[in-house]
Amino acid sequence: MILVVAEQREGKLNRATWETLVGAQQLAKASNAPITVLVPGTGAGSVANELAAAQVKEIVTVEHAALEPYTPDGYTAALQEAIGQLSSLDHARDDPERIEGSPTYVLLPHTYQTRDFAPKLAVRLDRAIITDVTAIKTGTETAFVRPMFQGKLTADVVPQGPAPHFVTFQIGAYRVDQVARGASPASVRALSVNVDASTIRQKPEAPFQEAKQAVDLSQAERIVSVGRGIKDQSHIAVAQKLAEALGAEIAASRPICDAGWLPMERQIGSSGQTVAPKLYVALGISGAIQHLVGMKGSNTVVAINKDPDAPIFEIADYGIVGDLFEIVPAIIEAVKA
């Protein structure tokens, strides 16, 4: 069995969960294993009904007071017991090998929350974990591809030791629209867990918001991103007008944010956010590997650059070689028309 741990908050599903489901379905196709989706947290019922549309065996919800608000201790304890119930690990402590019908893999989206609790959970169960995976290679053995050295190299990693193996998928590794839908809704059932509240050491405050205009670009469907080709901070307005015309979010490569021309939360790349929008418009971005790592999962990439040899054109679906200050106003007028 392949177990996918969904991420949701107050009944709203993180779209990265859908991307993880695509990876799970690829893995299931190669191994002929059923997929179970585990939905922890309050409000899991509405999210479960949404996920039931996917081609999976079942949806399992886990609701407990210890899961709200989120704490790594609470999630680790609840998920440890849930995985134990699903895999019968609690009844096989003398046999560390995989039980028939238990999870071979536990898959999660590589979000900030997952980074917080997943390593702790894997260590608690004494199981291997592979993080930030971008692809799966199947054959005589299954290997997970992950970037190294800020995306300059990739490694094929094969987990060792007994199952289940934990794997987190980089945001943008798979496209949401690639999810296979089931012919009928998957079954939904609730799982009860016991968590000792006294073992939760954290007392979180309300989620921190850096600024009112802060945005989670990983959830954006359209993005207009600017690079050094924009030349001056005053020219950001040109990109902003295009973003407004397209109903898109504005973003940038690292040099623009380092210069303070746009807030750091607008940075895309290996040291910024990883995105996978339906449309990504790159204005004056050369396409350094550190930037490509953050946006290569975009569905459609449009690049505008004066340099015909810019690396961005190697991954662009549509490329325009020319002056963005002439081309962008023309695109804005065409969009408005």
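The values are calculated or read from the model by the stated rules, or taken from the named source; none is laboratory data. It should be emphasised that the depicted structure is a prediction, and the values quoted were computed from it without experimental measurement. Ideal geometry is used to build each Cβ from the backbone, glycine not excepted, and the neighbour counts take in all protein chains shown. All accessible areas refer to the heavy atoms of the entire protein, side chains included, with ligands and DNA or RNA removed. Shrake-Rupley method; radii C 1.70, N 1.55, O 1.52, S 1.80 Å.
Couplings 3J(HN,Hα) for the stretch 25-30, derived from phi with the Karplus relation 6.51 cos²θ - 1.76 cosθ + 1.60 (θ = phi - 60°), are 5, 5, 5, 5, 5, 6 Hz, where x marks Gly and Pro. Working value for the stretch 233-280: equivalent-ellipsoid semi-axes of 17, 16, 6 Å, each the square root of 5 times a Cα gyration tensor eigenvalue, largest first. Each label point was placed 7 Å from the Cα along the Cα-to-Cβ direction; for residue 113 and residue 317 their separation is 2.9 nm.
Derived scalar couplings between HN and Hα for the stretch 138-149 equal 10, x, 5, 9, 8, 10, 10, 8, 9, x, 9, 6 Hz in order, rounded to whole Hz, by the Karplus curve 6.51 cos²θ - 1.76 cosθ + 1.60 (θ = phi - 60°), x for Gly and Pro.
Here, P(r) means the percent of Cα pairs in each 10 Å bin from 0 to the largest distance; for the stretch 166-319 it is 10, 34, 27, 16, 10, 3, 0.
A 1.4 Å probe run over the chain, with the rest of the protein chains in place, finds 48 Å² accessible per residue.
Global size of the stretch 264-304: 9.4, 24 Å for Rg and Dmax (C-alpha atoms, Rg to one decimal, Dmax whole).
Note on the stretch 129-246: percent of Cα-Cα distances in each 10 Å bin, starting at 0 and stopping at the bin with the largest distance, equals 8, 19, 27, 29, 12, 4. Residues 12, 278, ordered by accessible area of protein heavy atoms at a 1.4 angstrom probe radius and largest first, appear as 12, 278. If the reach is capped at under 26 angstrom between alpha carbons, list the lysines near residue 152, excluding any in the same chain fewer than eight residues apart. Result set, ordered by chain and number: 137, 278, 296, 306. Ligands, DNA and RNA left out, the 1.4 Å accessible surface of the stretch 99-159 is 53% carbon and sulfur atoms.
On full extension, the segment bounded by residue 137 and residue 271 gains 45.6 nm, given 0.36 nm per residue less the C-alpha separation.
Maximal additional length on extending the residue 158-residue 233 stretch stands at 22.4 nm, based on 0.36 nm per residue less the C-alpha distance. Length available on full extension from residue 325 to residue 68: 0.36 nm per residue minus the Cα-Cα distance, which gives 87.6 nm. Above 31 Å lies some portion of the pair distances; for the chain, what is it as a whole percent of all C-alpha pairs? The share of Cα pairs beyond 31 Å in the chain comes to 38 percent. Amide H to amide H distances under 5 Å link residue 130 with 166, 167, 168, where only residues 5 or more positions off or on other chains count and H is placed in the peptide plane. Against the main long axis of the alpha-carbon atoms of the chain, helix 112-124 sits at an angle near 30°.
The mean of 1/r over all distinct Cα pairs in the stretch 1-88, once inverted, gives the Kirkwood hydrodynamic radius of 13.2 Å. As a fraction of the 1.4 Å probe accessible area of the stretch 23-90, surface on carbon and sulfur atoms comes out at 48 percent. Each 5 Å bin from 0 upward holds the following percent of the Cα-Cα pairs of the stretch 153-192: 5, 11, 13, 15, 20, 20, 10, 4, 1.
What separates the Cα centres of the stretch 170-204 and the stretch 30-53 is a distance of 6 Å. In the complete set of protein chains, residue-level accessible area for residue 192 is approximately 100 Å², probe 1.4 angstrom. Using a cutoff of 8 angstrom between alpha carbon atoms and counting only pairs six or more residues apart, the relative contact order for the chain works out to 15 percent. In the chain, the longest principal axis of the Cα atoms and the axis of helix 236-246 are about 60 degrees apart. Exposure check, 1.4 Å probe, all protein chains in place: residue 15 carries approximately 50 Å² of accessible surface. Rounded to a whole number, what % of the accessible area of the stretch 188-337 do carbon and sulfur atoms account for, probe 1.4 Å? With neighbouring chains kept in place, the figure for the stretch 188-337 is 50 percent. The residue 85 and residue 299 beta-carbon pair, evaluated with R₀ = 41 Å, returns a calculated FRET efficiency of approximately 0.60. Using θ = phi - 60° in the Karplus curve 6.51 cos²θ - 1.76 cosθ + 1.60, the 3J(HN,Hα) couplings for the stretch 73-80 round to 5, x, 5, 4, 5, 5, 6, 4 Hz; x is entered for Gly and Pro. For residue 319, the amide hydrogen comes within under 5 Å of the amide hydrogens of 303, counting only partners 5 or more places away or on other chains and with H modelled in the peptide plane. Largest to smallest in accessible area, the residues 268, 331 fall in the order 331, 268 (1.4 Å probe, all protein chains included).
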